[in-house]
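Contents: one structure, followed by commentary.
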Amino acid sequence: MSEEKDPQLIAHLAKRGVDDKMVMGHPAGLFVLFFTEMWERFSYYGMRALLVIFLVGELTTGGWEWSRQDAMNLFGLYTMFVYFTPLLGGIIADKLTGFKKAIIIGALLMTLGHGSMALEGIHQYFFYLGLILMILGNGMFKPNISSMVGQLYPDNSTKKDAGYTIFYMGINAGAFLGMLLCGYIGEKIGWHYGFGLAGVFMFFGMLQFYFATKLFGVIGESPEETKQGLAAGKEAEEEDTTPANVRRDRLIVVGVLMFFSIFFFLSFEQAGGSMTIFAQDYTQRVLEGNTGITFKWVDALLTLFPLVIVTYVLWSLGKQIYAKYPTTILFTAISFAIVWGLGVWKIGREFSVEETEVTVSWFQILNSFFIITLASAFSKMWEKVWNPVGPIKFALGLILVGVGFAVLAFGAKDIPQGAATASVSMIWLILAYFFHTTGELCLSPVGLSYVSKLSPKKLLGLIFGLWFTASAIANGLAQFLGGYIDQIVAEHSMTYFFGIFAVLPASAGLVLILLSPKLKKMMHGIH
């Protein structure tokens, strides 16, 4: 990515009092947000990877031995509220706290939530209290950090979509490491250790952001602090002179994209529910002989490769901002040292045992691994090769997630009707996650970018909250439908079950392609 400074971007940052140091051609602030979001996703996905497995786990292993349907119902309620509360968090940030304080409050609540879940062995109430705290914390954190990313760039900057894609790589680096390490420790060592580890890195993420807040100038400050920034000579956001009919049309486009995102996440979020059940009970996970040894080496490379990439990003950021913000870099470096230690320990432990049993949570890391390896390519493609309008990118995402489930449906074709267990090859799950990831790269970071571009600035936190509300609806529906896996497999087949999640998003994608010319006009020049 070019290191050459973009004059339009530099002018935009100067008006807001933002440090104009660049990392890989983007504002250094993007990478502070990158690491903050990375540790938050580490904690969220680290816990989420364990939730269903813990609930259905046998009492003898420390699990609660719930039924699959009850476990997925609780999982669905949790993820639904996780995506509903950003609506309130966005309003609170817009009207009262500003984005910066909201992010810190959210991170603190989530840290306390993980600590509470780590005490689930003392009493089950700690488990439920932890879930509530994480729901509330996520509501304050999630919409507001996404809003700050968008405000680092002018609306028509060619770097904005690329910036969100880089930010999305940070999201998935955290998700990857969280699912890999928390999932492994939770399944192999103890559930409460996995839950507790997730909170440690949420705490580090909060600290590294707190000590870098001045880097962002007036971006993310409360209304009162923004006024004080003006008095100090910093320029706030320009007055919005967009005609009312243009604002209305753009908000309609945002609403349409939100609606179609429900079809995507309805299928995509099966990863934490029915696909986890498929990995646990229907996939061959015990590997022997050369196959087991090969997997150990592959797993070792999977563990180290993302660590090398994000360590390089940290080094690049540190060179630019360490002199002014040493504490931020220090806390991030400490957390990286811990993760490197855990990663090396995990690799050594696996090579020391004869039997190779792939953990259930391991499959969930594939999505994040593919994001980390493909995000840069997609970013460059949107920036330099092919950059279709947002609705077309959305449609591609919907079709690709459908393809992933079609692959999984094909792989499950030999599972007998009503079977409670099977030993299907891992390759089908791996391919499904690959197609799901390519679909996600076409839809999720693009969705964040278009919400930022098309929304009135004074309502940005609210609109991001509504964006995540659509995800809440999708998550609730996803786990509600996923809870019928046993019934559908008994009455039809596993292929029929996964076929449902192939047809729904692909059909929605085709409809969106037909609507795209009209939506393009309604965006009034925003690309």
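The values are calculated or read from the model by the stated rules, or taken from the named source; none is laboratory data. Because the structure is a prediction, the values reported are computed rather than measured. As a convention, Cβ positions derive from the backbone with ideal geometry for all residues, glycine included, and neighbour counts pool all protein chains shown. Remember, those area values only see protein heavy atoms, side chains included, never the ligands or the DNA or RNA. Shrake-Rupley method; radii C 1.70, N 1.55, O 1.52, S 1.80 Å.
Taking only protein heavy atoms and a 1.4 Å probe, what accessible area per residue, in Å², does region 341-403 have with all protein chains in place?
Here the per-residue accessible area is 38 Å².
Assuming a ≥ b ≥ c are the square roots of the Cα gyration tensor eigenvalues, decide whether region 467-527 counts as rounded (a/c under 1.5), prolate (otherwise, with a/b larger than b/c) or oblate.
Cα axes put region 467-527 in the oblate bin.
In what sequence, highest mean first, do 381-392, 79-90 appear when ranked by Cβ atoms within 10 angstrom?
In descending order of packing, they fall as 79-90, 381-392.
Give the Kirkwood hydrodynamic radius (Å, one decimal) of region 54-202, defined as one over the mean of 1/r across all pairs of different Cα atoms.
16.7
Pairs LYS319/LYS380; LYS15/LYS518; LYS324/LYS384: which exceed 28 Å Cα-Cα?
Result: LYS15/LYS518; LYS324/LYS384 exceed 28 Å.
Is the chain best put as rounded, prolate or oblate by its Cα gyration tensor, with a ≥ b ≥ c the root eigenvalues, rounded for a/c under 1.5, and otherwise prolate when a/b is larger than b/c, oblate when not?
Cα axes put the chain in the prolate bin.
Quick one: Cα centre-to-centre distance for region 302-379 and region 479-522, in angstrom?
Taking the Cα centre of each part, region 302-379 and region 479-522 sit 33 Å apart.
So, in Å, what gap is there between the alpha-carbon centers of region 29-99 and region 259-292?
If we compute the Cα centre of each part, the gap is 18 Å.
State whether region 128-216 is rounded, prolate or oblate according to the following rule on the C-alpha gyration tensor (a ≥ b ≥ c being the square roots of its eigenvalues): a/c under 1.5 gives rounded; otherwise a/b larger than b/c gives prolate, and the remaining case gives oblate.
prolate
Enumerate the calculated ³J(HN,Hα) couplings along region 247-252 in order (Karplus 6.51 cos²θ - 1.76 cosθ + 1.60, θ = phi - 60°), each rounded to whole Hz, writing x wherever the residue is Gly or Pro.
Along region 247-252, the couplings run 4, 4, 4, 5, 5, 5 Hz.
Using the heavy atoms of the protein chains alone and a 1.4 angstrom probe, what is the accessible area of region 77-134 per residue in square angstrom?
Per residue, region 77-134 has 44 Å² of solvent-accessible surface.
Determine, for each peptide in 204-210, 304-310, 21-27, the mean count of other beta carbons within 10 angstrom over its residues, then list the peptides with the highest first.
In decreasing order of mean packing, 204-210, 304-310, 21-27 become 204-210, 21-27, 304-310.
Placing unit charges on C-beta atoms (Lys and Arg positive, Asp and Glu negative, everything else neutral), compute the dipole magnitude of region 35-140 about its Cα centre in debye, rounded to 20.
380
Relative contact order of region 37-187, please, whole-number percent, based on alpha carbon pairs below 8 angstrom and at least 6 residues apart.
After rounding, I find 38 percent.
Under a 5 Å amide H to amide H cut-off, with H placed in plane at 1.01 Å, what residues pair with VAL424 once short-range neighbours are removed?
Amide H neighbours of VAL424, under 5 Å, 5+ apart: THR283, GLN284.
Run the accessible area of the chain with a 1.4 Å probe and give the carbon-and-sulfur part as a rounded percent.
On the chain, the fraction of accessible area on carbon and sulfur atoms equals 66 percent.
What is the total of Lys pairs in region 59-216 with C-alpha atoms under 18 Å apart, excluding same-chain pairs fewer than 8 positions apart?
Lysine pairs satisfying the spacing and distance rule in region 59-216 number 5.
Going through region 23-113, which GluC sites (Glu not before Pro) have at most 12 other Cβ atoms within 10 Å and a DSSP loop state?
Within region 23-113, the qualifying GluC sites (Glu not before Pro) (loop, at most 12 other Cβ atoms within 10 Å) are GLU58, GLU65.
Where nothing but the Cβ of Lys and Arg (+1) and of Asp and Glu (-1) is charged, how large is the charge dipole of the chain around its Cα centre, in debye to the nearest 20?
For the chain, the charge dipole is close to 1480 debye.
Go through region 25-33 residue by residue and turn each phi into a ³J(HN,Hα) via Karplus (6.51, -1.76, 1.60, θ = phi - 60°); whole Hz please, and just put x for glycine and proline.
x, 10, x, 4, x, 4, 7, 5, 5
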